[in-house]
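What follows is one structure encoded as structure tokens, with my remarks underneath.
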Amino acid sequence: MSVSIKTQQEIEYMREAGKILAAVHEELREKIEPGISTKDIDRWGEAAIRRYKCIPSFLNYEGYPASICVSVNDEVVHGIPNKKRILREGDIVSLDAGVIYKGYHSDAARTYAVGKIDANAQKLIDVTKQSFFEGIKYAKAGNHLYDISKAIQKHVESNGFSIVRDLVGHGVGQNLHEDPQIPNFKPVGRGIKLVPGMTLAIEPMVNAGVPDVWWLEDDWTVVTQDGEYSAHYENTILITEGEPEILSLQDGIQ
Ligand code: MF3
Ligand code: CO
């Protein structure tokens, strides 16, 4: 395993990639409403990414056929946009996107309510997002990687939800997926020591019911085995001596 430490110049490119991705997510958030298709989201997202002169990271990545992963309700991640899949009031929808700016990737995901949703679905979205922020309290030089994992797991499980174990976060930079793998639960050991200049995609995937998932026939879409809802929240962050910098939020603010 080799974890890349970014130079000052690389960090500047990563910051720009993150800022653009935050703006793309903001645009998409405003368009979420009953009646749109998951393909609409992909078209709008790709157009926004290209308007910023970036390349969609996910398009054709290992054969993935779209720019935005759009996952509805029991779909955990990697849903494939489809013009026949129409969002309905009461759904929740996760949008995962990445952009390449000057050869550097950013990666971020958000989960939104479609119209009015029930209280437990809203709690799932909120706990998933908060678990990211609980995790990154430990994301600073000198701490160990699994300190982050443990804090995410604790927040999710103490709220009665479950962590998906078959998918993990990752390093990010010149490649979408770099070392290290970042579980959202605490494995045995402490994990690597965190060093300034590491850029990491931290991405809790949280199920309302059982943690178990399976893959659909399309080989991409991951769904919960019990059909309960799942939520996803992700940002690309930079490790520093102090507080981590959240690269894929506008001005680093939620
Ligand atoms: N954010 C996703 C991840 O970290 C990327 C989607 S995979 C793709 O795995 F194939 F759709 F690009
Ligand atoms: Co990711």
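The values are calculated or read from the model by the stated rules, or taken from the named source; none is laboratory data. Since the structure is predicted, the reported quantities are computational estimates derived from the model, not experimental observations. Because the Cβ atoms are built from the backbone with ideal geometry, glycine has one as well, and the counts that use them run over all protein chains shown.
When you check A23 against the structure, is it part of a helix (DSSP H, G or I), away from ligand 1 (no atom under 12 Å from the Cβ), among the aliphatic types (A, V, I, L, M) and without any contact (Cβ under 8 Å) to a residue 40 or more places away in the chain, yes or no? Considered against the rule, which asks whether it is part of a helix (DSSP H, G or I), away from ligand 1 (no atom under 12 Å from the Cβ), among the aliphatic types (A, V, I, L, M) and without any contact (Cβ under 8 Å) to a residue 40 or more places away in the chain, A23 comes out as no. State yes or no: is A109 within 16 Å of ligand 1 (Cβ to nearest atom) and either touching a strand residue (DSSP E or B) at 6+ places or on another chain (Cβ under 9 Å) or farther than 21 Å from V172 by Cα (or both)? Spelling it out, A109 is indeed within 16 Å of ligand 1 (Cβ to nearest atom) and either touching a strand residue (DSSP E or B) at 6+ places or on another chain (Cβ under 9 Å) or farther than 21 Å from V172 by Cα (or both). Can you work out which of the residues in the stretch 231-247 that are touching an Asp or Glu at 6+ places or on another chain (Cβ under 6 Å) and of a type outside the set (A, V, I, L, M, F, W, C) is surrounded by the most Cβ atoms within 10 Å (Cβ to Cβ)? Among those residues, the one meeting the criterion is T236. Could you tell me whether the stretch 126-134 includes any residue that is surrounded by 15 or more Cβ atoms within 10 Å (Cβ to Cβ), under 17 Å from E26 (Cβ atoms) and touching a residue at least 60 places away in the same chain (Cβ under 8 Å)? Among the residues of the stretch 126-134, at least one is surrounded by 15 or more Cβ atoms within 10 Å (Cβ to Cβ), under 17 Å from E26 (Cβ atoms) and touching a residue at least 60 places away in the same chain (Cβ under 8 Å), which makes the answer yes.
Of all the residues in the stretch 112-132, those that are more than 19 Å from C69 (Cβ to Cβ), touching a strand residue (DSSP E or B) at 6+ places or on another chain (Cβ under 9 Å) and among the hydrophobic types (A, V, I, L, M, F, W, C) number 3.
In the stretch 145-172, the qualifying residues are those that are small (G, A, S) and within 13 Å of ligand 1 (Cβ to nearest atom), and the one that is farthest from the chain's Cα centre (by Cα) is G171. When each of D107, D118, D179 is tested for being at pLDDT 95 or above, within 14 Å of ligand 2 (Cβ to nearest atom), surrounded by fewer than 16 Cβ atoms within 10 Å (Cβ to Cβ) and not basic (K, R), the lone residue that passes is D179.
For the stretch 61-70, indicate whether the set of residues that are within 20 Å of the chain's Cα centre (by Cα), within 20 Å of I237 (Cβ to Cβ) and crowded, with 23+ Cβ neighbours inside 10 Å is non-empty. So far as the stretch 61-70 goes, yes, one or more of its residues are within 20 Å of the chain's Cα centre (by Cα), within 20 Å of I237 (Cβ to Cβ) and crowded, with 23+ Cβ neighbours inside 10 Å.
Among the conditions (1) within 16 Å of ligand 2 (Cβ to nearest atom); (2) surrounded by 22 or more Cβ atoms within 10 Å (Cβ to Cβ); (3) under 16 Å from the mean Cα position of the chain (by Cα), I100 misses just one, which is (2). Looking across the stretch 201-219 at every residue that is of a type in the set (A, V, I, L, M, F, W, C) and buried (at least 19 other Cβ atoms within 10 Å of the Cβ), the one that is nearest to ligand 2 (Cβ to nearest atom) is identified as A201.
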